[in-house]
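*Asks:* Sharing a structure below in structure tokens format, with a few things to ask.
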Amino acid sequence: MQKNRNKWMKMGLFLSTALLLSVTTSVNVYAAKNEVGYVNLQKVVIDSKQGIRLSRQLMKTKKKLGGKAKAKQKLVRNLQKELKQTRQQKKPNEAKISKLIAQIRAKNRDVKRFVANANEDLTNLREDAVQEMMRRANKMIKIVAKKGGYSIIFTNGDAIAYLDKAVDITNKVVRAYNRNYK
């Protein structure tokens, strides 16, 4: 049983290697006749002026929301402090204690909801902005590809076994993006 498993694993490895070599060879032959380029879309999003502004804007929004969350948490701490003081009195007011406990629970729920909503809002803002940037970047890739005489542009780094830096046109796309989307 183990011999068959090893035999099939070796066969699979051999076939994978053969397939990779045939694809690499055919891409190299094709690349010799035509221009091939590569774009790191994540780098376009991060390095473009709009991407830098987006990052700063998201950090500013996150800081603002974080400040609001801290203010809400401070209210909870103040209620907890009041509860502690009320409990330490010689004759604690049980009605006031019950009311404070209810307020603390309500405020804690409010803080948790606020934080969850804030995180969701930040995620949605980021995803929407990145999606729009990707749409624009793809438009710029087509323009750069046509101007540069590229036949193939790869954007998925995982699909490339070897990448010569000479075919990486990411910086050209970033510059074109910056010229067109200030």
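The values are calculated or read from the model by the stated rules, or taken from the named source; none is laboratory data. Quick caveat, the model's predicted, so the values are computed rather than measured. Backbone-built Cβ (ideal geometry, glycine too); neighbour counts: all protein chains shown.
*Asks:* How many of the residues in segment 88-143 are without any contact (Cβ under 8 Å) to a residue 40 or more places away in the chain and touching a strand residue (DSSP E or B) at 6+ places or on another chain (Cβ under 9 Å)?
*Replies:* 1
*Asks:* Can I ask one more? Restricting attention to segment 164-182, which residues are small (Gly, Ala, Ser) and either more than 15 Å from Glu35 (Cα to Cα) or in contact with a Gly (Cβ under 7 Å, 6 or more places away or on another chain) (or both)?
*Replies:* Matches in segment 164-182: Ala176 only.
*Asks:* If you scan segment 75-100, which residues turn out to be surrounded by 11 or more Cβ atoms within 10 Å (Cβ to Cβ) and not in a helix (DSSP H, G or I)?
*Replies:* Answer for segment 75-100, where residues must be surrounded by 11 or more Cβ atoms within 10 Å (Cβ to Cβ) and not in a helix (DSSP H, G or I): Pro92, Asn93.
*Asks:* Of the residues Arg109, Arg105, Arg113, Arg136, which is within 21 Å of Val174 (Cβ to Cβ), in a helix (DSSP H, G or I) and either of a type in the set (Lys, Arg) or over 35 Å from the mean Cα position of the chain (by Cα) (or both)?
*Replies:* Result of the check over Arg109, Arg105, Arg113, Arg136: Arg136.
*Asks:* I'm told Lys172 meets every condition in (1) among the basic types (Lys, Arg); (2) surrounded by 14 or more Cβ atoms within 10 Å (Cβ to Cβ); (3) touching a residue at least 40 places away in the same chain (Cβ under 8 Å) except one. Can you identify the failing condition by its number?
*Replies:* All conditions pass for Lys172, except number (3).
*Asks:* Which residue, of Lys72, Lys49, is assigned by TED's automatic domain parsing to the domain that holds Ala106 and either loosely packed, with under 15 Cβ neighbours inside 10 Å or of a type in the set (Val, Ile, Thr) (or both)?
*Replies:* Lys49
*Asks:* If you scan segment 38-76, which residues turn out to be hydrophobic (A, V, I, L, M, F, W, C) and touching a strand residue (DSSP E or B) at 6+ places or on another chain (Cβ under 8 Å)?
*Replies:* Selection gives Val39 alone.
*Asks:* Determine whether Lys64 is within 23 Å of the chain's Cα centre (by Cα), part of a helix (DSSP H, G or I), modelled with pLDDT of 95 or more and on the phi < 0 side of the Ramachandran plot.
*Replies:* Considered against the rule, which asks whether it is within 23 Å of the chain's Cα centre (by Cα), part of a helix (DSSP H, G or I), modelled with pLDDT of 95 or more and on the phi < 0 side of the Ramachandran plot, Lys64 comes out as yes.
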